[in-house]
1. Here is a list: His85, His100. Which entry is farther than 23 Å from Gln25 by Cα, under 14 Å from the mean Cα position of the chain (by Cα), part of a helix (DSSP H, G or I) and not polar (S, T, N, Q)?
2. Cβ-Cβ distance below 8 Å, separation of 6 or more or different chains: which pairs start in segment 76-97 with a residue that is touching a residue at least 24 places away in the same chain (Cβ under 8 Å) and end on one that is β-branched (Val, Ile, Thr)?
3. Would you tally the residues in segment 78-112 being of a type in the set (A, V, I, L, M, F, W, C) and open to solvent by 100 Å² or more (accessible area, probe 1.4 Å)?
4. Looking only at segment 22-45, count every residue that is out of contact with any His (no Cβ under 8 Å at 6 or more places or on another chain) and in contact (Cβ under 8 Å) with a residue 40 or more places away in the chain and tell me the total.
5. Has segment 51-63 got any residue that is surrounded by 14 or more Cβ atoms within 10 Å (Cβ to Cβ), closer than 22 Å to Pro9 by Cβ, at pLDDT below 95 and under 17 Å from the mean Cα position of the chain (by Cα)?
6. Can you name the condition, by its number, that Ile27 falls short on among (1) among the β-branched types (Val, Ile, Thr); (2) open to solvent by less than 40 Å² (accessible area, probe 1.4 Å); (3) modelled with pLDDT of 90 or more?
7. Hey, can you tell me all the residues within segment 17-50 that are among the polar types (S, T, N, Q) and either under 20 Å from Pro120 (Cβ atoms) or more than 15 Å from the chain's Cα centre (by Cα) (or both)?
8. Among the residues of segment 94-133, how many are modelled with pLDDT of 75 or more and on the phi < 0 side of the Ramachandran plot?
Amino acid sequence: MPPGTTGKPENLAVNRQKVYKWLIQKIDQELASRHSLGIIYMDGDGSDTSYRDTHRSLPRSERNIIKDPIYLDSKTSQFMQMADHIAWCANASIAQIPKHSFAHRWYEQYLSVRDVARKPIILNTPDIDPLNS
């Protein structure tokens, strides 16, 4: 969605699924362009099947994300805790929520050097109209 816009709260589940599908397709395309394979790790227990369904919607003969997401609970995985922190920092830099002003530049200051884009990327999906979602 464009910066500064959001979908309607009552459509959160549908919009989340659309954004995830768009993201998975983008990652799969990037992997294909590099003749590479990938695996997605996610925080959680796998009880939300929409993620699995999204992975399985990729054509099996062409997909580069080789399986359904692997779930790790962030309570027991330092790997997931680090990923959560990175995602939170990226969101803080984009959302600019006043009460999180202390962290607005954390991504830029501490993480951008490890990011090929050097900044968080806002996910814009063409099929989500923030005014009608």
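The values are calculated or read from the model by the stated rules, or taken from the named source; none is laboratory data. Because the structure is predicted, anything quoted here is derived from the model rather than measured. All Cβ positions, glycine included, derive from the backbone under ideal geometry; neighbour counts span all protein chains shown. Keep in mind that these areas ignore ligands, DNA and RNA; they rest on the heavy atoms of the full protein, side chains included. Shrake-Rupley method; radii C 1.70, N 1.55, O 1.52, S 1.80 Å.
1. On the way: His100 fails: under 14 Å from the mean Cα position of the chain (by Cα).
Residue meeting the stated conditions: His85.
2. Ile94/Ile122
3. The qualifying residues number 3.
4. 4
5. Yes: segment 51-63 contains one or more residues that are surrounded by 14 or more Cβ atoms within 10 Å (Cβ to Cβ), closer than 22 Å to Pro9 by Cβ, at pLDDT below 95 and under 17 Å from the mean Cα position of the chain (by Cα).
6. (2)
7. Gln25, Gln29, Ser33, Ser36, Ser47, Thr49
8. Result for segment 94-133: 26.
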